[in-house]
Amino acid sequence: MLPSSGSQKTDGEFMTKADFIDDEALHAALAAAKPEPARVREILKRSLEVSEALPPEDAAVLLSVTDQALLEEVFEAARAVKRKVYDNRVVTFAPLYASNLCVNNCLYCGFRAANKGTVRRKLSMEEIKEEAKALAGKIGHKRLIFVVGEHPESGAEYIAEAMRNIYSVKEKTRRGYGQIRRVNVNAAPMTIDELKILKAAGIGTYQVFQETYDRHLYAKLHPGKSPKSDFHWRLYVMHRAFEAGIDDVAIGALFGLNPDWKFEVLGLVAHSRELEARFGIGPHTISFPRLESANGTSLPEESVNNVSDADFKKLVAVLRLSVPYAGIIVTAREKPETIRSVIDMCTQRDAGSNIGIGAYSDRYSKQETERQQFMLGDMRNLDEVIGELADLGHITSFCTSGYRCGRTGDHIMKLLKSGHEGRFCKLNAVLTFREWLDDFASDATRAKGEALIRKEIAEIRAREKDFPAETVKLLDSYYERIEKGERDLCF
Ligand code: SAM
Ligand code: SF4
């Protein structure tokens, strides 16, 4: 495969003769895959060791399983990997859509330039701060993903300034104060210099979805000559991020575009292995949004049957198993019942989300913010979602300390693979959950949450080898201080 015009940009160094998506090999792996139970079980066992990403051939074998009993074994193994690496924690976050200005024409997206039915907005810094105040002070989020369309007016400088403004917010709450402690960014692929600007402003995770790893389909969905029509520029963006010093990166594919959805799963696995091989660090998270109806485009309706709910559950399990150390994100694009069916294999979800521009601070009319990028499937508020997670035995973690204490990149990869990251996370989940319950929970959710905290603390006390007496003592003192209104105490 020859490199595209992207080679003239600063990613030239990474653009060797062939890129890392070997279409023929991936298709051959899918064609050759046979769900022999012994082979499937051997792969599941290897995944449970939580080492590097599985070869695409193994992922293809897992994808080929159709026998219901064997499929249950695949799901159970996926749940076991989740528990081994991330225990019963689910991290929540919210998207902050700041601008829908866009120069591209992605056929599936309501923000595309040719869609004249979209009211175009770019939030000012003041407006962004209002959004952050609502998220941190009223709803209770500590982590968000900042989202913008691709446009010269919403480039690296705008995003960096927005991040600085968001981090500066400190809002009084019931018992303490609320802050956004981690800003992740989902924006167009950038140059190394632009990515350095985001790094300097304190980016959490840099997230870009490839949309589809099928280069021919990619060309059809991104017609004409726009920045996004360059498949390679996008494919190598995480290489540039590492060069820029951002070692916390997130990948994803937009499922539903490609009827051959299994190819996309192998694309994500191949991408993870490429990053591991080049930089010693795989993706921090993997996303698998499914296409939703969007204002001004009929493509999502036409493609809606491309990934059934049953296929969706299988792809989540296979991704969970294939890249065992990675965080796995299910989004509020999905309906509550779909999320419930996969949440025990996932590590993160957004909740209480609103993807209208300026929607959290009720900036513009409801009618206007409703004409948004696409429609959400789970519109429940954060309190309801957290209550349901507690009913299912999951503790909601608002921990953001890994990134702020330098536990990122290969450091966190080693901790995750060895199961050691879990120790910090378990303690921090308790502390941050306590903060949230005191500051934002309804009475009903607070009662459920406190029962969960008691169970967590009992487990911590019982695991003397993992949590020595001094650690438990420190936890007790942090816990007490948080109850009195202090905030942001963590391990
Ligand atoms: N403009 C940047 C880009 O395209 O990379 C970042 C923002 S874009 C709004 C974020 C993501 O939204 C895209 O990568 C795409 O996967 C997703 N998206 C676009 N249209 C969608 C739809 N109709 N349903 C679900 N997700 C969609
Ligand atoms: Fe623009 Fe991103 Fe939507 Fe494409 S997906 S039209 S680049 S906002």
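Once the dipole of the chain is set up with Lys and Arg at +1 and Asp and Glu at -1 on Cβ about the Cα centre, which of N306, S401, C346 lies farthest towards its positive end?
Of the candidates, S401 comes out farthest on the positive side.
Please find the FRET efficiency linking D311 to R83, where r is the Cβ-Cβ separation and R0 is fixed at 25 Å, and quote it to the nearest 0.05.
After rounding, the FRET efficiency stands at 0.55.
To the nearest whole percent, what portion of all C-alpha pairs in segment 34-115 is separated by more than 22 angstrom?
The calculated P(r) of segment 34-115 puts 51 percent of pairs beyond 22 Å.
With the crude spin-label approximation of a point 7 Å out along Cα→Cβ, what separation in nm comes out for K335 versus D488?
Result for the modelled spin labels: 4.2 nm.
How big is segment 222-310 on each of its three principal axes, counting only the C-alpha atoms and giving the largest first in Å?
39, 35, 19
With each run of n ≥ 4 DSSP H residues scored as -39500 (n - 2.57), what mean residue ellipticity at 222 nm is computed for the chain after dividing by its residue count and rounding to the nearest 500 deg cm²/dmol?
When only DSSP H runs of four or more count, the value is -14000 deg cm²/dmol.
By DSSP, what percent of the beta bridges with both residues in the chain are antiparallel, rounded to the nearest 5?
Of the beta bridges lying entirely in the chain, close to 10 percent run antiparallel.
Amide H neighbours of G327 under 5 Å, counting only residues 5+ apart in sequence or on other chains, H built in-plane at 1.01 Å?
Distant-sequence amide H within range of G327: T285, I286.
Treating the beta-carbon of each Lys and Arg as +1 and of each Asp and Glu as -1, no other charges, what is the dipole magnitude of the chain about its Cα centre, to the nearest 20 debye?
980
Which order do R333, R340 fall in if you start with the one that has the fewest other Cβ atoms within 10 Å?
R340, R333
Using a 10 Å cut-off around each Cβ, can you sort T445, T66 from fewest to most neighbouring Cβ atoms?
T66, T445
Given a cut-off of 21 Å, name the pairs among K172/K448; K138/K170; K220/K262 whose C-alpha atoms lie farther apart than that in the structure shown.
Over 21 Å Cα-Cα: K172/K448.
Taking R0 as 30 Å, what FRET efficiency do you get between S226 and A28 from their Cβ-Cβ distance, rounded to the nearest 0.05?
0.40
Order by neighbour count: Y213, Y479, fewest other Cβ atoms within 10 Å first, most last.
Arranged by neighbour count, lowest to highest, Y213, Y479 become Y479, Y213.
For segment 76-380, what is the per residue volume of the convex hull drawn over the alpha-carbon atoms, in cubic angstrom?
Cα convex hull per residue, to the nearest whole number: 127 Å³.
At a Förster distance of 56 Å, what's the computed FRET efficiency of R481 paired with K116, Cβ-Cβ distance as r, to 0.05?
So, using R0 = 56 Å, E works out to roughly 0.55.
Suppose each label sits 7 Å from its Cα in the direction of the beta carbon; what would the A444-D391 distance come out to in nanometres?
Label at A444, label at D391, 0.8 nm between them.
Between V103 and A451, what is the label-to-label distance in nm when each label sits 7 Å out along the Cα-to-Cβ direction?
For V103 paired with A451, the spin-label model returns 5.5 nm.
FYI, it's all coordinate maths here, none of it is from the lab. Here the structure is a predicted model, which means the values were calculated and not measured. With ideal geometry, Cβ positions are generated from the backbone for all residues, glycine too; neighbour counts draw on all protein chains shown.
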